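The values are calculated or read from the model by the stated rules, or taken from the named source; none is laboratory data. What you see is a predicted model; the values in this text were computed from it and never measured. FYI the Cβ positions are ideal-geometry reconstructions off the backbone, even for glycines, and counts take in every protein chain you see.
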Amino acid sequence: MATELVETRYGALVGYATMLTGSRTDAEDIVHDALIAVFGKRRSLPNVGAAEGYVRRAIANKFLDRARKGSRERLAFRRVAAEPEETVPGPEGQATDRSSIDQAMALLTPQERACVAMRYMDQLSTREAAIALGISEGSVKRYVYDGARKLSAAINIEIEAADHEWAPVSPKKERSS
């Protein structure tokens, strides 16, 4: 099962971890640690999809563990946050530019980043994200709200209000004066 997961989904797992860490090298380390944590113990997982979900949650937890311990990721967030505002792209083509999204994600705290990624990338419910991260549903809602506001300001997107558990992200409409 582990071999099949690595062969078929390794790139997606590293991509997910890169979105959290902002660094491919750190992402590969976290994915490796998560794979060891999941498959190092004898677990019976029904299929590759279930295994991938389990590894993704382990990736988020490993990321948060590193951030809490004052690791390199936390220092990188502080550096990016301290950069002058002109390093964040203007409205000219930002939402489609991967680097602007990466820069904006780097402005979020580790908790906001993990919650936003779980809610909008993994499309987990508030409850599922709370269980995966070991925090309350209220904390997930707050981190998602704060993270969405920061992303909205940084890359000109807005989070649509919705009746369902997760909302899609769409470009803001330009206002005419």
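Do we have any residue at all in segment 82-95 that's surrounded by fewer than 15 Cβ atoms within 10 Å (Cβ to Cβ), modelled with pLDDT of 90 or more and either out of contact with any Ser or Thr (no Cβ under 7 Å at 6 or more places or on another chain) or on the phi > 0 side of the Ramachandran plot (or both)?
Looking for residues that are surrounded by fewer than 15 Cβ atoms within 10 Å (Cβ to Cβ), modelled with pLDDT of 90 or more and either out of contact with any Ser or Thr (no Cβ under 7 Å at 6 or more places or on another chain) or on the phi > 0 side of the Ramachandran plot (or both), one finds none in segment 82-95, hence no.
Could you pull out the residue among G40, G11 that is loosely packed, with under 15 Cβ neighbours inside 10 Å, closer than 25 Å to P110 by Cα and either small (G, A, S) or assigned by TED's automatic domain parsing to the domain that holds D65 (or both)?
Just a single option satisfies the conditions, and that option is G11.
Among the listed residues A51, A104, A114, identify the single one that is modelled with pLDDT of 80 or more, surrounded by 18 or more Cβ atoms within 10 Å (Cβ to Cβ), over 13 Å from T21 (Cα atoms) and in contact with a Leu (Cβ under 8 Å, 6 or more places away or on another chain).
Going through A51, A104, A114 in turn, just one is modelled with pLDDT of 80 or more, surrounded by 18 or more Cβ atoms within 10 Å (Cβ to Cβ), over 13 Å from T21 (Cα atoms) and in contact with a Leu (Cβ under 8 Å, 6 or more places away or on another chain): A51.
Go through (1) under 21 Å from R142 (Cα atoms); (2) of a type in the set (D, E, K, R); (3) at pLDDT 85 or above one by one and return the number of the condition R74 breaks.
Among (1) under 21 Å from R142 (Cα atoms); (2) of a type in the set (D, E, K, R); (3) at pLDDT 85 or above, the lone unmet condition for R74 is (3).
The rows are residues; the columns are (1) part of a helix (DSSP H, G or I); (2) among the small types (G, A, S); (3) assigned by TED's automatic domain parsing to the domain that holds V55.
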| site | (1), (2), (3) |
| --- | --- |
| R113 | yes, no, no |
| A117 | yes, yes, no |
| Y120 | yes, no, no |
| L124 | no, no, no |
| A129 | yes, yes, no |
| A132 | yes, yes, no |
| R142 | yes, no, no |
